[in-house]
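Just below is one structure, and these are the notes that go with it.
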Amino acid sequence: MANETIFATATAPGKSGVAVIRLSGAQSWNVVERLAGDIPVARTASLRTLRGDDGEVLDEALVICFAERASFTGEEAAELQVHGSVAVIRAVLDAIGQTGLARPAAAGEFTRRALENDRLDLTQVQGLADIIDAETELQRTMAMRVMRGELSDRVLGWKATLLRATALIEATIDFADEDVPEDVSADVDALLAELETSFRAELAGSDRRERLRVGFDVAIIGEPNAGKSSLLNALAGSDVAIVTDRPGTTRDLIEKYININGLPINFIDTAGLRATTDPVERIGVTKAMARAETADLRVFLYDGLEQPNWPIAVEAEDIVLRSKSDLQPGADISARTGEGLDDLISTMSARLWQRDLGDGLIARKRDVELVAEAQALIGKVRGSGGPFDEIAAEELRRAARRLQAIIGGVEVEDVLGEIFSSFCIGK
């Protein structure tokens, strides 16, 4: 329930120097008073001895209280910075629960309360989720821009332009006999043209920004025993895939997520491409070909003197290498000795970095679809040629609602569960 006080650890489980326990809700300060004996001055870190109801000392902790509207959630809140012992954390959490004033928080519940209390909007929540998941510097940078409100400001600017265009249309309809322009079609069209240009710029590169957020797929393609699994293991620095001399060992897709020069890359070791009567291997070959078709980049390996006639067409951006240079002088790469590995990494990085991310911030499929829908509605209005009427005004209001749904407040309940499920309990 939204009016209940919640608590949870906000730091990773296990032994650490310091662990942070968060509380949020109307009873937060009362819980602090029960454990610490008094309530410290708000927003001031104060050293306190925490005790259970039986008077037993639990820990020496730094306690910080936050007043309503001055906390992350917008509610009365508190943080207990305790020693990071598993036993201490468990004892303090048990003591909080025994007060009967608070309950354990669900995943993402602190952030959800921040959204409900207008401390964050939906784009900032999504940005925060991406920051939590970020494993590369580029992911962190993009997520931070969204969380700091750059996307929100952009969407609100679009919405303001739409509302201005709508107001001009409605002024000519509702006050036709007053001192207002009789035909504002040129002004409205100019505003809508400006929006269409902004939308095109925002949508350009959105698919690549989504790949940056979740990781680029790089498929390793080749015939059996071409060295695909050995290459994956060399890139990962560990034995991810089974390597044998027996053809057809890899029968399913093997994936490994690796940070390569700041890029999140999901490497896919595919089954060897060959004709086979083995039904299991045949399924693996079919899956390999399907995944190769959708990969962001493909590395083709061969170990013969000439490139084989692969059943997948090699495109200009694909990387083609002759493998096993430790056994075949003049070949391009060796997973065993590492020869050519740095060159491969540099080539892959360069080709993925060259992909234009555009100047936009939108990456999630849902937000892309909402902007595209708003763009289509505006195109429909402009296509009518004017003068614009009540129908045009309603179409623009629909477009504004699409934009509002990006930042929240309109039909967003269906996406909240998915977003918050990715959060840790104390966030």
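List of remarks:
- Built amide H within the under 5 Å cut-off of G84, gap 5+: S16, V18, A19
- The length gained by stretching the chain between R90 and T294 to full extension, at 0.36 nm per residue less their Cα-Cα distance, is 68.7 nm.
- Between A376 and Q307, residue separation times 0.36 nm minus the direct Cα-Cα distance comes to 20.2 nm.
- Phi angles across segment 4-20 convert, under the Karplus curve 6.51 cos²θ - 1.76 cosθ + 1.60 with θ = phi - 60°, into 3J(HN,Hα) values of 7, 7, 10, 8, 5, 6, 9, 10, 5, x, x, 6, 7, x, 9, 10, 10 Hz, Gly and Pro given as x.
- Long-range HN-HN contacts of I221 with modeled amide H, under 5 Å: V299, F300, L301
- You can think of it this way: the chain between E60 and V214 has 51.3 nm of extra reach, that is 0.36 nm per residue less the Cα-Cα gap.
- Computed over segment 61-122, the Cα gyration tensor eigenvalues convert (square root of 5λ each) into semi-axes of 24, 13, 11 Å, ordered from largest to smallest.
- Modelled spin-label separation between R336 and R200, with each label point placed 7 Å from Cα along the Cα-to-Cβ direction: 5.6 nm.
- Stokes-Einstein diffusion for segment 282-387, with the hydrodynamic radius set to the Kirkwood value over Cα pairs and evaluated at 37 °C in a medium of 0.692 mPa s, equals 183 µm²/s.
- Under the Karplus curve 6.51 cos²θ - 1.76 cosθ + 1.60, θ = phi - 60°, whole-Hz ³J(HN,Hα) for segment 200-211, x wherever Gly or Pro sits: 4, 5, 5, 6, 5, x, 5, 5, 6, 5, 5, 5
- Distance between the pseudo-spin-label points of D53 and E369 (7 Å out from Cα toward the beta carbon): 4.9 nm.
- Once the Cα gyration tensor of segment 5-59 is diagonalised, semi-axes √(5λ) in Å: 18, 15, 12
No lab work stands behind these numbers, since they all come straight from the coordinates. Predicted, not measured: the structure shown is a model, and the values here were computed from it. Cβ: placed from backbone, ideal geometry, glycine included. Neighbour counts: every protein chain shown.
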